[in-house]
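Encoded as structure tokens, the structure appears first; notes follow it.
The values are calculated or read from the model by the stated rules, or taken from the named source; none is laboratory data. What you see is a predicted model; the values in this text were computed from it and never measured. Don't worry about glycine lacking a Cβ; one is built from the backbone with ideal geometry, like all the others, and counts go over all protein chains shown. Accessible surface is based on the protein model in full, side chains and every heavy atom, while ligands, DNA and RNA are left aside. Shrake-Rupley method; radii C 1.70, N 1.55, O 1.52, S 1.80 Å.
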Amino acid sequence: MQEIIIRCFESAGYTTKNIHKSDPAGEKGVDILVELDGRKTAIAVKIKPRGVDRAQLQDLSEYPSEHRVYVHLSTPTHEFIRYMQRKDIKSNVQFWSSEDLGLHLFDLDPFLMSELSLSYSEFCFRCISIALNLIQLWDEAAKLEEQEHDTLANSVDSSILKTHTLWEAKDHSAALNKSMWTLKVLFEHLRDLEFTNEQQIAILRAIQDVLTDSCKIILDRLEWVVTDLIKRFKPNLLRVVSSTRYRTSWKYISEFLKNMSAFFPKRVLESLSELRDSKLLWKGMKDDYLDEIIDFTGRLDDIRSSFSPGLAGIKFFIGQISLFSWGLEEIINDLYLSVADRGFDGYFRDWMNDPAGTWDGPAFRGLPSNVTLPHERLGRNASHILNPDMLILEETVKTRWHLITGSKDYTCPECGSKLMTIPDGGRIKIKCMKCEYEFR
């Protein structure tokens, strides 16, 4: 709490000193000392003051500063409250409850306080719990040898389609994703509008109510069904991770964890780490695995400049939850597709190699497939008939094209002509037949 108080005062231009940390023996009743324009404010912070804390309060009331504030996060004991009422104390010290503190800190740094209040919610902690479960699976799949991937491909349990938990996971993940998308769209309409602090606090409280309801209606059950699926159908899930671990859905789950961790003090992170023993807890996936995946999350400066400060914090939080919910729904959909309609082989080809690596040898290609792909071959004519291995390479380079360029069709970004896939030695490349543009 002291770290958060200091950060908010510093955001408002104060110079700060954590006396409790730098000089605990000589603090004289003061934990934090802040100063602006030569005027000092002495602050003491207690969780639940008791009778034994009266001496600290007395020292604070006598401290030489323009303002003195005593923060109590919980209701003090009856003995301490009586001491607070003494005239020499009451006239010299302001008393802030946790609610008072929240309002004062919101005035100092609306962005941080709105973001923090949502990040510390039950809603957010349940999202984090689900994300940690998934990242742990990603970590486990990343360590598998090639033959173990083959084993996974042959150990998928098709009875998962008959279990209600899969369908609940699909329903709840879709509901969560649509809810967050709706909030994102709503907040886009608030861009460039000015709101008073009181209005921003009212909007924050309304969002907190929405998230509380979503937690009860959606996340309580969603967290349970994801845990149940991992417990009962882990090979299926590992197969999904093995086949999709370089896709954007995993990038989004990773980015959610990394962005959330920035707002938690170290002590809170250590307590959260007890939830799941994963080396990738707050690091997400290693950056070198995803060099070619576009990072869509670097929008903080734009958000700060386009929204009132408190709403910017809400917008940033909703953006991170949207990353998580989109990625989660995609992963659940992939879990369904891994069993339905003959599995992945006609849909996903990018588990072969690390997209950031080099094509230095044959890669794992999954099971042979007789599935007819649902779309026409890109620019294919009779002279470009490819063998099964090359078809897999073609699907991979096309998947990378969509991820990296963000394009939904195959049009040359330089001249607008139609692109074609053609063999290039032992590889496949996308090439424009009218200009020099190539994509491998």
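Data overview
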{"read-out": "Filter result for Asp107 (touching a residue at least 12 places away in the same chain (Cβ under 8 Å), open to solvent by 40 Å² or more (accessible area, probe 1.4 Å) and acidic (Asp, Glu))", "value": "yes"}
{"read-out": "Residues of region 17-40 satisfying the condition of being under 36 Å from the mean Cα position of the chain (by Cα) and open to solvent by 10 Å² or more (accessible area, probe 1.4 Å)", "value": "Lys17, Asn18, Ile19, His20, Lys21, Ser22, Leu33, Glu35, Leu36"}
{"read-out": "Elements of type helices (runs of 4 or more DSSP H) in region 89-202, at least 2 residues being more than 29 Å from Glu3 (Cβ to Cβ), out of contact with any Asp or Glu (no Cβ under 8 Å at 6 or more places or on another chain) and of a type in the set (S, T, N, Q)", "value": "146-153, 164-188"}
{"read-out": "Residue within region 164-176 that is of a type in the set (S, T, N, Q) and more than 30 Å from Ile207 (Cβ to Cβ) present", "value": "no"}
{"read-out": "Selection status of Asp209, closer than 30 Å to Arg232 by Cβ, open to solvent by 40 Å² or more (accessible area, probe 1.4 Å), part of a helix (DSSP H, G or I) and at pLDDT 90 or above", "value": "no"}
{"read-out": "Where a residue in region 319-339 is charged (D, E, K, R) and its partner, wherever it lies, is outside any helix (DSSP H, G or I) and buried (at least 24 other Cβ atoms within 10 Å of the Cβ), with Cβ under 9 Å and at least six apart", "value": "Asp334/Phe344"}
{"read-out": "Residues located in region 78-101, provided they are open to solvent by less than 30 Å² (accessible area, probe 1.4 Å) and either of a type in the set (Gly, Ala, Ser) or over 30 Å from Pro309 (Cβ atoms) (or both)", "value": "Phe80, Met84, Ile89"}
{"read-out": "Qualifying positions in region 58-88 - over 27 Å from Asp37 (Cβ atoms), assigned to a helix (DSSP H, G or I) and touching a residue at least 12 places away in the same chain (Cβ under 8 Å)", "value": "Gln58, Glu79, Phe80, Tyr83, Met84, Asp88"}
{"read-out": "Test: residue in region 84-96 that is more than 27 Å from the chain's Cα centre (by Cα), closer than 20 Å to Cys8 by Cβ and among the small types (Gly, Ala, Ser)", "value": "no"}
{"read-out": "Set Ile331, Ile321: member being assigned to a helix (DSSP H, G or I), of a type in the set (Val, Ile, Thr) and closer than 21 Å to Glu115 by Cα", "value": "Ile321"}
{"read-out": "Residue check for Ile6: outside any strand (DSSP E or B), surrounded by 15 or more Cβ atoms within 10 Å (Cβ to Cβ) and of a type in the set (A, V, I, L, M, F, W, C)", "value": "yes"}
{"read-out": "Test: residue in region 33-49 that is touching a Phe, Trp or Tyr at 6+ places or on another chain (Cβ under 6 Å) and assigned to a loop (DSSP other than H, G, I, E, B)", "value": "yes"}
{"read-out": "Subset of region 388-440 [modelled with pLDDT under 80, over 21 Å from Thr244 (Cβ atoms) and of a type in the set (Gly, Ala, Ser)]", "value": "Gly425, Gly426"}
{"read-out": "Residue within region 137-159 that is open to solvent by less than 10 Å² (accessible area, probe 1.4 Å) and within 19 Å of Phe256 (Cα to Cα) present", "value": "yes"}
{"read-out": "Qualifying residue in region 168-182 (condition: among the aromatic types (Phe, Trp, Tyr), closer than 20 Å to Leu257 by Cα, open to solvent by less than 70 Å² (accessible area, probe 1.4 Å) and at pLDDT 85 or above)", "value": "no"}
{"read-out": "Candidates Glu115, Glu122 - the one that is surrounded by fewer than 17 Cβ atoms within 10 Å (Cβ to Cβ), in contact with a helix residue (DSSP H, G or I) (Cβ under 6 Å, 6 or more places away or on another chain) and touching a residue at least 12 places away in the same chain (Cβ under 8 Å)", "value": "Glu122"}
{"read-out": "Selection status of Ile253, open to solvent by less than 10 Å² (accessible area, probe 1.4 Å), over 20 Å from Leu112 (Cα atoms) and either among the β-branched types (Val, Ile, Thr) or not in a helix (DSSP H, G or I) (or both)", "value": "yes"}
{"read-out": "Qualifying positions in region 49-75 - open to solvent by 20 Å² or more (accessible area, probe 1.4 Å) and within 13 Å of Ser91 (Cβ to Cβ)", "value": "Glu62, His67, Arg68"}
